[in-house]
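Trainee: Just dropping this structure here.
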Amino acid sequence: MQFFQDIEITVRDIQSSLYPQHHHHYFELLYILEGTGIHTINDNNYPYSPGNLFLLTPEDSHGFKTTSDSRVCIIDFTKGLFGRRQGRDTDRAEITEFFVRMEYVFHNHQNLKGHIEANLHEEGLIKMLIMQLILEKQRPRIYTGIINQNIVFLLLNIVARLIQENIAGELRHSGNKNIIHEVTTHIQQNIYQKELLKIENLAKHFHRTPDHLNRYFKQQTGLTLKTYISRYKLRLVEARLRYSDLTISEIADEMSYTDESHLNKVFKSVHGTTARDYRKTFFIH
């Protein structure tokens, strides 16, 4: 399994008072090891201190203004991680598994307000995992690759849970609107389980009639459940078009479209362009 070869782990010192804003081509987790200052993300300023963990996506621009010498650990997910490797039957399964683990994180990161909030126990766990990654990087030993892979998967699952809990916390006092969050989260986390996403099964899960749940969901979001599910699937298709070299036929199969033609028809009805032309727009050499 080559997962660990497609992750770059770097420890970097930031000693200048102003570290200019810049973009990254892919995704990264950034952990503050030492120092204090301001982390600017998309023109928003967030104070940082040791133990803070930030998630950055390709759309984000970020930079630092330090108030004391700072050191960060950067976990960078390279393009190779999203690529389709040739010659092994298990490779597509590996890619799919990674996308599934990442999707909730990447499609809900906009709900973060600066660093990822965690309690003291989780902060300690995250610090321990980060320090082990650094140690494995500095002193590779037998099984270092698989250990790093599992550490990163665990970190991503922790981040996904913290993001979900952060959203739920903000909605806790908003009454029925919290139900919408629960429904959309359930859909996102079961997007590959067609049976679970049938309206009658969604209604049963949330102890409502199909008509009532669908009507209330549309009242709150402007979309029917069927339309929301279709739109979310298209967001996942977009991610694969932009960050993987899976063929459009493979993406169609993975996302349960009849074939490439069916995917293109649905995609064009929303985006006004085919999936193939959309990919050309974002192709990175």
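The values are calculated or read from the model by the stated rules, or taken from the named source; none is laboratory data. These numbers were taken from a predicted model, which means no experiment stands behind them. Cβ placement follows ideal geometry from the backbone for every residue including glycine, while neighbour counts extend to all protein chains displayed. Note: accessible area is taken over every heavy atom of the protein model, side chains too, but ligands, DNA and RNA are not part of it. Shrake-Rupley method; radii C 1.70, N 1.55, O 1.52, S 1.80 Å.
Trainee: Take the range 227-238 and flag every residue that is free of Cβ contacts under 8 Å to residues at least 40 places away in the same chain and open to solvent by 40 Å² or more (accessible area, probe 1.4 Å). It would help to see each step written out before you state the result.
Mentor: Filtering the range 227-238 down to residues free of Cβ contacts under 8 Å to residues at least 40 places away in the same chain leaves 227, 230-231, 234, 237.
Within the range 227-238, T227, S230, R231 meet the criteria.
Trainee: Anything in the range 37-55 that is under 22 Å from L162 (Cβ atoms) and in a loop (DSSP other than H, G, I, E, B)? List them, or say none.
Mentor: N42, S49, P50, G51, N52
Trainee: Could you tell me which of the residues I199, I142, I126, I146 is in contact (Cβ under 8 Å) with a residue 60 or more places away in the chain and open to solvent by 50 Å² or more (accessible area, probe 1.4 Å)? Step through it out loud before you land on a result.
Mentor: On the way: I199 fails: in contact (Cβ under 8 Å) with a residue 60 or more places away in the chain; I142 fails: in contact (Cβ under 8 Å) with a residue 60 or more places away in the chain; I126 fails: open to solvent by 50 Å² or more (accessible area, probe 1.4 Å).
Exactly one of I199, I142, I126, I146 is in contact (Cβ under 8 Å) with a residue 60 or more places away in the chain and open to solvent by 50 Å² or more (accessible area, probe 1.4 Å), namely I146.
Trainee: Answer yes if at least one residue in the range 192-204 is in a helix (DSSP H, G or I), β-branched (V, I, T) and under 22 Å from the mean Cα position of the chain (by Cα), and no otherwise.
Mentor: We begin by selecting, within the range 192-204, every residue in a helix (DSSP H, G or I); these are 199-204.
Now drop any that are not β-branched (V, I, T), which leaves 199.
Of the ones still in play, those that are also under 22 Å from the mean Cα position of the chain (by Cα) are none.
Checking the range 192-204: not a single residue is in a helix (DSSP H, G or I), β-branched (V, I, T) and under 22 Å from the mean Cα position of the chain (by Cα).
Each row is one residue, and each column tells you yes or no for (1) more than 21 Å from the chain's Cα centre (by Cα); (2) among the polar types (S, T, N, Q); (3) modelled with pLDDT of 90 or more.
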position	(1), (2), (3)
I32	no, no, yes
Y48	yes, no, yes
T57	no, yes, no
D60	no, no, no
R71	yes, no, yes
Q86	yes, yes, no
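Yes/no per residue for (1) modelled with pLDDT of 90 or more; (2) farther than 20 Å from E103 by Cα:
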residue: H121; (1), (2): yes, yes
residue: M131; (1), (2): yes, yes
residue: P140; (1), (2): yes, yes
residue: L162; (1), (2): no, no
residue: G169; (1), (2): no, yes
residue: Q188; (1), (2): no, no
residue: A203; (1), (2): yes, yes
residue: N214; (1), (2): yes, yes
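Trainee: Considering only the range 205-219, how many residues are touching a helix residue (DSSP H, G or I) at 6+ places or on another chain (Cβ under 8 Å), part of a helix (DSSP H, G or I) and exposed (fewer than 14 other Cβ atoms within 10 Å of the Cβ)?
Mentor: Total meeting the criteria: 1.
Trainee: For the range 276-285, which residues satisfy the criterion of being under 22 Å from the mean Cα position of the chain (by Cα) and exposed (fewer than 13 other Cβ atoms within 10 Å of the Cβ)? Full working, then the answer.
Mentor: Taking the range 276-285 and keeping what is under 22 Å from the mean Cα position of the chain (by Cα), we get 278-279, 281-284.
Answer for the range 276-285, where residues must be under 22 Å from the mean Cα position of the chain (by Cα) and exposed (fewer than 13 other Cβ atoms within 10 Å of the Cβ): T281, F282, F283, I284.
Trainee: Another question, if that's okay. Just give me the residues in the range 239-275 being open to solvent by 40 Å² or more (accessible area, probe 1.4 Å), within 23 Å of T57 (Cβ to Cβ) and part of a helix (DSSP H, G or I), in sequence order.
Mentor: R242, V270, H271
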